[in-house]
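First up is the structure itself, then whatever we jot down about it.
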Amino acid sequence: MANHNHREVMPNQALRSLFSYKNMIKILAILAICAIFLLPIYRLIMLSFTSDGNLTFLNYTTILQDAATWQVVQNTVLVVAGSTVVSLIIGVSLAWLVAYTDIRAKRVMQIFIVLPFVIPSYITTLAWTQFLGTDGLYMKLASLPPFSVEPIDLYSLAGIIFVLGFSHYPLVYLLTVSVFRKIPRELELASRASGAKRSTTFRKVNMPLALPGIVSGGFLAFLANLDNFGIPAFLGIPAQINVLSTYIYQQVVGFGPSAFSRAATFSVLLGIVALIGTAIQWLFLRKSKRLETTIEDKQPRYFLGKRKWLVELIIWVLFFVTGVVPLISMGMTSLITAYGVDFTLQTISLENYQFILNTSSKAKEALGNSAMLAGVTAAVGIVIGTAIAYLRVRKPNFLSKFTEVSIGLPYALPGTVMALSMIFAWMEPVPGWNPGIYGSIMILFIAYITRFLILQVRGSITAVMQVDLSMEEAAHVSGAKGWSKWRKILLPLLIPGVLTGAFLVFLSALTELTVSSLLWSSNSETIGVVIFGFEQAGYTTYTTAFSSLIVLLIILGFIILYVSQSYWNRKVGKRT
Amino acid sequence: MSKIKFLFLLITIFTLLAGCGQAQEGNASSVSGELNFYTSQPDADAEKLISAFNEHYPDVNVTVYRSGTEEVISKVQAEKQAGEVQADVLLVADSVTFESLKKQEMLLEYKSDEAEQIPESFVDPDGMYTGTKVMSTALVVNSEKVSEMPTSWTALTDADSSGQVVMPSPLYSGAAAYNLGVLTRNDEFGWKFYENVKANEPMITQGNGDVLKAVANGEKSYGMVVDFIVARAEADGSPVKLVYPDEGVPVITEPIGIMQKTDNQPAAKAFVDFVLSQEGQELAAEIGYTPIREGVSAPKGLKTIEEMSVLEADINELYQNRELDKEQFNQLFGE
C-alpha cells in the first residue's frame, strides 16, 4: 500500500474502531449538527429576509443604505482587529516567556494570567475607569512628577480596544504555551548551529510550528472580542461609539415590530465578519507544520541573565493592572457596607458574603445549577468536540470545514441574539410541536453546548495537530489498533490540550450571563442570572461579593487542575 | 350491629360531606394550577410578592422570569413569533411598553375592583393594564462633592456642573425613554433642556444602576435616575442624596397586565387583584417602593404620589413617537 493511501485510510480506521456503525453515526452526527447549530442560525437568517411576514430584501437594502450602519461596521472592524492584535501580542509574548525563559514563579503566573478571563468584564471595566478616573489612583500618581502627564480617556475607541485586548489574551496564552513547550529544542539548536540568529530561528522554526496554537487562540480571542457586549457598552455608550454587538442589542431593545428582523440582519452582518476571520485563520493554518514529538519540555531554553528582573517587573506590572487591580477593586467593594463609602476599618464587614451564602438561597442553588451545567457541557464537549477536532485535522474535507464554521458562529453572535434565535428554534422545533425543551433546564444545556463547543474544538484541534500522523502509524504498525491505540497513544498525548479546552468551556459556561438571562426559568437560575439580578436591583455590593466568591472558587479549581495536569504529564513522561 | 351500621353511615356521610365541601370550595374560587409571571422587579421583591400571594392562594404555583424590561419584552415577542407566549401575567416598567402590547392585541381586558382605589390616570381606561407603584425620576447628588443641594432640574444644565452630569441612555433604558418623551413634550423643558444638558458634556450610561454608581463613587456629582435605588443606597450609607426638583418629576408606574392567551385566567386575575389590594400595596411600600394606591404611605426617604408634582404627557402620543424621540436623541448626542 502506498504511503499516500495509507495516510488517507488511517483516520477512518481509527474512528471505525471507536464507533462500529460508522455511517450511521456519521448521518446522526450531521443531523445533530444541523439541528443544534444550524437551525437557530437558519431561523435567524430567514428572519433577516422577513418584513411584515413577507420574504424580502428590504431589511438589507434599508440597513446597507444607512450611513450609521457603515460607521458601526467600521468601528467593529477597528475594535475587533485592534483588540485581537493586543491579545495576540500579550498572549504570545507571555507564552514564549513562560515556556522558554528562566523567569521565576511560573506556576503562580499561570493563575494571574487566567484572572482577566475569569473576572466578569463589567467589573474589569469599572475597576479600570476608577483607576484612571479624575479622582483615581492614576491621576494622583500623575500629579507627582514635575512634568505633566496626560489623563487617559477610557471612553474611546482606544480604551475599548485595550480593555478588550487585556481581557482576552488568556485565550491566546492558554492555547499557545503548551505548543511552545512541545517544540523540540533540538530543532532550535540545529537552526542556531547552522548560523541562524535568534530572531530568524524564532521566525522560521518556532513560529511555523506554534502556528496552530497561536491561530486557534487568536481566533478565539477574535470571536470573543466580536461578541463582547459589556466592555463596548460600558465604555462605548458614553462616547457614542457603537459596535455591532451593542448596536444589535439597541435594535432589540428598541423593539418596534421590525426590530427582530433588523437585529437579525445586523447579526448576519456580524456573521459575515466572523466568516472573514475564519478565512484569515484558515490562510494562516494552511502553511502550518506538525510536530513529531509531543512531550512538553519545561526546562528553560533562554537565560535572561541581568535583564531577568526587568522582564519580571514588566510581567508583574502587567498582571497588576490587568488582573490584580480589578480584583482588589472588586474585593474592596464586596467588603464595604454601602456602595461609594470609603474603604475604612469602620465600613468593612462580611455581611455581603453572609447574605450571599446564608440569607439568599438563590446564590447556593445557582452555584449548584451552574456547576452542573458547566460540568455536563464540558464533558459533552470533551467527547464530541475532540471527535470533531480529530476529523477536522485528519480528514480536512468540505464537511469537516463546514462543521467547524457552523460551530464557531454561535460563539461570535451576541448573546442576546443567540438566545432569541434559540427561542425561535426550540419552542417549536417542528411548527405545531412543542416538546417542552424551552422553559426547562434542557434549553440551557443545548444553548451552552451550542455556544461553547468551539472552545473545546479549538483546544482539541491544537492538541491533535501536535500529534504527527506517524505516531498513529507507528502504533498501528506495532499492532495497537482501535481502542487500545486511543488509550495508549492518542489520549495520553491529547489530554493536556483537551483539558485546556475543557477548562475554557467550563469557565465560560460557569459564568455565562446573557444567554441564560433570556432563557432561564425560575428553577434553573445560573450564577450569571443571579449576579445580573443583584446588579440590576442596584446591589453592587452583593454582586461583587458573589463575583469574588466565584473567582476564589475558580482559582481553587485552577490550582487543582494544574496539579493534576502536571501529575498526568509526569506519568506520561515516565511511560515513554 | 346497629352501632356498627350507625358508625358506617356516619363515616359515609362525613366522607360525602367532606368531598362535597372540597368540590364546592374548588368551584367557588377554582384558583390553582400554574402561573407564569414575567417581571422586571428585582428578584427578591418578586419572591416576597409571591410568597405573600401564596398565603392566600396556596394552590397556585407561580414561576417567575425576571430581567430588565427590554429583555422581558424581547422574550415575550420572541415567544409570540415562535408559537405561543408562555407568560400569563406581566409586570414591567412603564405604560408606553404596555400600550405597544395593547396595540398588538396581546393583552386581556380585566377591570379589577381594586383599581378603583388607584388614581384614574394610572389605570388604562380599556382595562388592559394598571399601574402598581410609583417610580419617579429625580436628581441624585453626591453629598461629599456638593454641599448645597439643588432644587431644580437646572442643576444638570448649569455651566457650573459642566463635566459632572450623568444620565441613562433612552436607547437602552425604558424609563429614560419615557422621561425623554415626557420632558420634551413639556413647555418648561422641551428639546432645549436636552440641548443644554448636552452642552455640559454629560456621561451617558446604559442603565439607571450605572448612573447611581457613577455618582456614588464620585466620578460625577449630579445624575438623573429613578428614585427608589437612590433611597435604598442612601439608607445603606452611600454618599448620595435624592432630590425631587421643584418643577416636578416624570413618573412610571410598573403596570401589571394579563396576557391574552393565558391558560389560567382565574389565577392571573387573583394575582392582579392581590398586587393592587391594600395588602399588596403595603407590601410594596415595605419592600421600598412608593405605593400607587391612595392611602398607603410611602417608605422612608420617598414621597407619596400625593406629595409629588407629576410631569405628564399623553400616553398615546408617547407611544406613537417613541422611536422618533430616540432617533432625535441619538442625533443630538451623536454629533
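The values are calculated or read from the model by the stated rules, or taken from the named source; none is laboratory data. Please read all numbers here as calculations on a predicted model, not as lab measurements. Note that we place each Cβ from the backbone using ideal geometry, even for glycine, and neighbour counts take in every protein chain shown. These area figures cover heavy atoms from the full protein model, side chains too; ligands, DNA and RNA do not enter into them. Shrake-Rupley method; radii C 1.70, N 1.55, O 1.52, S 1.80 Å.
Summary table below
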{"read-out": "Rounded FRET efficiency, nearest 0.05, which uses the C-beta distance separating A:ASP52 from A:MET442 and R0 of 35 Å", "value": "0.60"}
{"read-out": "Computed lengthening from A:LYS308 to A:LEU561, 0.36 nm per intervening residue step minus Cα-Cα distance", "value": "88.2 nm"}
{"read-out": "Calculated FRET value between A:ILE30 and A:THR62, using beta carbons and R₀ = 41 Å, to 0.05", "value": "0.70"}
{"read-out": "List A:HIS476, A:HIS168, B:HIS56, ordered by accessible area with a 1.4 Å probe, largest first", "value": "B:HIS56, A:HIS476, A:HIS168"}
{"read-out": "Buried area at the A-B interface (accessible, heavy atoms, 1.4 Å probe, summed, Å²)", "value": "4400"}
{"read-out": "Residue-level accessible surface for A:SER484, protein heavy atoms, 1.4 Å, Å²", "value": "40"}
{"read-out": "Simple label model, 7 Å out from Cα along Cβ direction - B:GLN260 to A:SER143, nm", "value": "6.2"}
{"read-out": "Hz values of 3J(HN,Hα) by residue in the stretch B:155-160 - Karplus curve (6.51, -1.76, 1.60), Gly and Pro given as x", "value": "3, 7, 10, 4, 4, 4"}
{"read-out": "A:PHE320, B:PHE329, ranked by accessible area, largest first (probe 1.4 Å)", "value": "A:PHE320, B:PHE329"}
{"read-out": "Average projection area in nm² (convex hull over Cα atoms of the stretch A:377-505, one quarter of hull surface)", "value": "9.1"}
{"read-out": "Between the stretch A:43-111 and the stretch B:176-197, the alpha-carbon center distance in angstrom", "value": "36"}
{"read-out": "Cα centroid of the stretch B:79-111 to Cα centroid of the stretch A:411-464, whole Å", "value": "26"}
{"read-out": "Average other protein chain Cβ within 10 Å of Cβ, residues B:216-228", "value": "3"}
{"read-out": "Cβ-derived FRET efficiency at R0 35 Å, B:GLU307 paired with B:LEU332, nearest 0.05", "value": "0.60"}
{"read-out": "Area accessible to solvent at A:TYR247, 1.4 Å probe radius, in Å²", "value": "20"}
{"read-out": "With every protein chain in place, the stretch B:186-335: carbon and sulfur % of accessible area (1.4 Å)", "value": "42"}
{"read-out": "Rounded to 5, percent antiparallel among DSSP beta bridges of the protein assembly as shown", "value": "55"}
{"read-out": "Whole-Hz couplings from phi, Karplus 6.51/-1.76/1.60, listed for the stretch B:79-92; x for Gly and Pro", "value": "4, 4, 5, 7, x, 9, 6, 7, 5, 9, 10, 10, 9, 9"}
{"read-out": "For B:SER152, residues with placed amide H under 5 Å, excluding near neighbours", "value": "B:ASP246"}
{"read-out": "Share antiparallel - DSSP beta bridges, chain B, percent rounded to 5", "value": "55"}
{"read-out": "For B:MET203, distant residues with modelled amide H under 5 Å away", "value": "B:VAL165, B:VAL166, B:MET167"}
{"read-out": "Accessible surface, per residue, of the stretch A:350-576 when the full set of protein chains is kept, probe 1.4 Å, Å²", "value": "36"}
{"read-out": "Compactness relative to 2.2 N^0.38 Å, alpha carbon Rg of the protein assembly as shown", "value": "1.03"}
{"read-out": "Kirkwood hydrodynamic radius (C-alpha pairs) into Stokes-Einstein, chain B, 4 °C and 1.567 mPa s, D in µm²/s", "value": "60"}
{"read-out": "Stretchable slack from A:LYS571 to A:LYS395, in nm (0.36 nm times residue separation minus alpha-carbon distance)", "value": "60.3 nm"}
{"read-out": "Spacing of the two label points (7 Å from each Cα toward its C-beta) at A:LEU357 and A:GLN71, in nm", "value": "5.0"}
{"read-out": "Gap separating the Cα centres of the stretch B:274-335 and the stretch A:467-481, nearest whole Å", "value": "72"}
{"read-out": "Shielding score for A:420-426, defined as the mean number of other chain Cβ atoms within 10 Å", "value": "4"}
{"read-out": "Given A:LYS298/A:LYS571; B:LYS145/B:LYS220; B:LYS48/B:LYS133; A:LYS362/B:LYS75; B:LYS103/B:LYS261; B:LYS80/B:LYS102, the pairs whose alpha carbons are separated by over 18 Å", "value": "A:LYS362/B:LYS75"}
{"read-out": "Phi to ³J(HN,Hα) by Karplus 6.51 cos²θ - 1.76 cosθ + 1.60 over the stretch B:59-72, Hz, x for Gly, Pro", "value": "8, 8, 9, 8, 9, 10, 10, 10, 6, x, 3, 4, 5, 4"}
{"read-out": "Solvent-accessible surface (1.4 angstrom probe) belonging to A:THR56, in square angstrom, nearest 10", "value": "40"}
{"read-out": "Within 10 Å of each Cβ in A:236-249, the average number of Cβ atoms from other chains", "value": "3"}
{"read-out": "Accessible-area ranking of A:TYR542, A:TYR249, largest first, probe 1.4 Å", "value": "A:TYR542, A:TYR249"}
{"read-out": "Spin-label model distance (nm) - B:LYS48 vs A:VAL477, 7 Å beyond Cα toward Cβ", "value": "7.6"}
{"read-out": "Relative packing of A:61-68, B:46-53, which averages over residues the other C-beta atoms within 10 Å, highest first", "value": "B:46-53, A:61-68"}
{"read-out": "Projected area averaged over orientations for the stretch A:350-576, convex hull of C-alpha atoms, nm²", "value": "15.1"}
{"read-out": "For B:THR290, residues with placed amide H under 5 Å, excluding near neighbours", "value": "B:VAL134"}
